[in-house]
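First comes the structure, then the notes that go with it.
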Amino acid sequence: MGITVAVAGASGYAGGELLRLLQRHPDLELGAVTAGSSTGRQVTDVHPQLRSLAGQAFVSTDLGSLARADAVLLALPHGRSGALAAHLPATLPVVDLGADHRLADPAQWARFYEGDYAGTWAYGVPELNRAALAGNPRIAGAGCHATAVELALVPLLRRGLVEPADLTAVSVTGTSGAGRTTSSAFTSAQVMGDAAAYKVGRHQHLAEILQTLGPDATLSFTPVLAPMPRGILATCTARTTATAAQLSAALHEHYDHEPFVDVVDDPPHTGATLGSNGAQVFATVDASAGRAVVVVALDNLVKGAAGQAIQCLNLALGLDETAGLSADGVWP
């Protein structure tokens with residue numbers, strides 16, 4: 001038998017992606033599949049694409065069903081994971097896809113979120129923080145926007161090729177980033193044929209991005225909702241005196257050994273990453289402004305959530321980091 005993995009919050013979009021990816025994982029077996037209001041419903045009533053789980057029902061989220069598994073993936077709304085995780089065995093590997101354990105500063109948690117501060121765990125972007133994740137039983141999955149912006153800027157900041165002050169990021173996302181919401185703002189009539197910035201200057205991912213970019217970083221972050229189901233396209237800029245060739249060489253140096261991040265020669269498309277755990281990164285220089293321009297595309301539900309969580313869990317369990325995951329997307 002393989003390693004059993006319980007999924008809490010499995011009825012959401014990210015939860016559904018966890019189920020899909022776990023079904024193809026060679027070393028992991030699905031344990032308890034838990035939900036809140038969907039308890040008792042068939043998995044395929046909520047996720048009709050998961051035909052391999054026909055006949056399986058969601059069960060309630062309780063400590064017993066989670067603790068009986070060999071590992072746990074938490075895909076709960078922000079503010080719900082902390083209290084639950086605190087009562088799970090300390091040796092039980094847990095990856096939290098929510099924000100509860102991302103921030104080291106309680107004041108930043110209070111600024112952007114509600115509820116009690118739950119402490120901080122190892123931050124789960126393997127390409128930037130792998131050493132802290134291997135064998136670690138407690139990992140906080142990064143936010144989707146945060147993953148894209150950090151993949152764009154961290155390698156260049158670490159090498160001193162861009163200045164940490166006056167960074168900008170405009171990150172376009174699909175509607176699935178809001179989860180299963182009943183808000184009229186996310187109906188097709190509202191979204192199709194429209195694009196709009198939201199939470200300008202106050203998006204919750206700003207805190208974890210700045211935490212990762214470092215104490216000298218300043219960032220203007222603008223998320224934009226686009227009329228597409230999934231995907232993120234983050235365009236990040238920074239002051240630089242480097243050439244485009246130097247920026248590209250630095251990104252190649254950082255990512256060429258990475259299984260899920262590709263440095264590309266032209267600005268990437270979100271469509272090329274859909275359904276995959278891959279990210280595509282492109283860099284150039286806007287000479288007229290003296291700024292580096294780095295563009296990252298990824299799937300917000302996979303590399304930005306479920307896929308990256310499984311990548312982190314693989315590291316926590318000592319498995320092949322790529323197991324059950326692919327950098328190949330679906331196109332068109």
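Summarising the label geometry, the points placed 7 Å from Cα in the beta-carbon direction at ARG111 and VAL264 lie 3.3 nm from one another. Overall, region 82-178 carries a charge dipole of about 280 debye about its Cα centre when +1 sits on the Cβ of Lys and Arg and -1 on the Cβ of Asp and Glu, all other atoms neutral. Rounded to the nearest angstrom and listed largest first, the equivalent-ellipsoid semi-axes of region 2-137 from its Cα gyration tensor are 25, 17, 14. Quote the FRET efficiency, to the nearest 0.05, computed for ALA67 versus GLN42 with a Förster distance R0 of 30 Å and r equal to the Cβ-Cβ distance. About 0.75, to the nearest 0.05. Taking all Cα pairs closer than 8 Å and separated by 6 or more residues, the relative contact order of region 1-115 comes to 26 percent. Using only side-chain charges placed at the Cβ, +1 for Lys and Arg and -1 for Asp and Glu, the dipole size of the chain relative to its Cα centre rounds to 660 debye. For region 107-238, treating each Cα as an identical point scatterer without solvent, what Debye log10 I(q)/I(0) comes out at q = 0.12, 0.15, 0.17, 0.21 1/Å? Values, matching the q order: -0.52, -0.80, -1.00, -1.32. In summary, region 237-303 shows an alpha-carbon radius of gyration equal to 1.15 times the 2.2 N^0.38 Å reference for compact globular proteins.
Among beta bridges from DSSP that stay inside the chain, the antiparallel ones total about 45%. Report the percentage of all Cα-Cα pairs in region 216-332 whose separation exceeds 22 Å, rounded to a whole percent. So the portion of pairs separated by more than 22 Å is 40 percent.
For the chain, the fraction of C-alpha pairs more than 38 angstrom apart is 11%.
For the chain, the 222 nm mean residue ellipticity estimated from helices alone, with every DSSP H stretch of n ≥ 4 adding -39500 (n - 2.57) and the total spread over all residues, rounds to -7500 deg cm²/dmol.
A short reminder: the numbers here are calculations on the coordinates, not readings from a lab. Nothing here was measured: the structure is a model prediction, and the numbers come from that model. Glycine gets a Cβ as well: all are built from the backbone with ideal geometry, and neighbour counts include every protein chain shown.
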